[in-house]
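First comes the structure, then the notes that go with it.
Readers should treat all values here as calculations from the given coordinates under stated rules, not as data from a laboratory. Note that the structure is a prediction, hence the values are computed from the model and not measured. No Cβ is skipped: glycine too gets one built from the backbone with ideal geometry, and neighbour counts run over all protein chains shown.
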Amino acid sequence: MVDTRPLGRQPGSMRTVNRIVTLAEGFETAMAGVPKGQEIELDLRLEAVMEGVLVTGTVNGHLTAECSRCLEPLSEELEARFQEMFRYPGDDDDATATGDEDSGDEDEDYYLEGDLLDLEPVVRDAVVLALPLSPLCGPDCPGLCSECGVKLAEAGPDHGHGDGIDPRWDALRGITEDPGEQ
């Protein structure tokens, strides 16, 4: 929660806030995430406007993941940017009185809770959208061997499993090698 009382409700006033927050719950996708208990840094710019408070911010943190090709654990810095409008409580009544078409999007709007901003859903959305869908330990990661599961980067260029022909087709191999005998 961020207190907006020092900002005031005078349109045009601006305030910056820098905070380090410990996550109460992790922000995760299937392959990557920022775990519970991790600290993230919030750099916020709060601007009072007619409708409410415009919050522009950057989230910096540390993500953990595993490579989508070789399953090697990895860890990277994460930066996510966001901008969101937090409307003053009761502001939606003014919109319906003027016939504003956007007044039906109540589920998509964020509202101040008194003089406080609850940034958790906005930060969560920004961080989750910034997480890589298929994290890689390197752009040239060869992955795992499909036969034995060994990491191809460690196996070397001479790694192989024979000619790669299914043994159930061995009976037909003789026909293709010497078709004159049959």
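Assorted remarks:
- Put a dot 7 Å past the Cα of Q83, heading toward its Cβ, do the same for D170, and the two dots end up 6.8 nm apart.
- Other residues whose C-beta falls under 12 angstrom from the C-beta of E72 contribute a net charge of 0, scoring Lys and Arg +1 and Asp and Glu -1.
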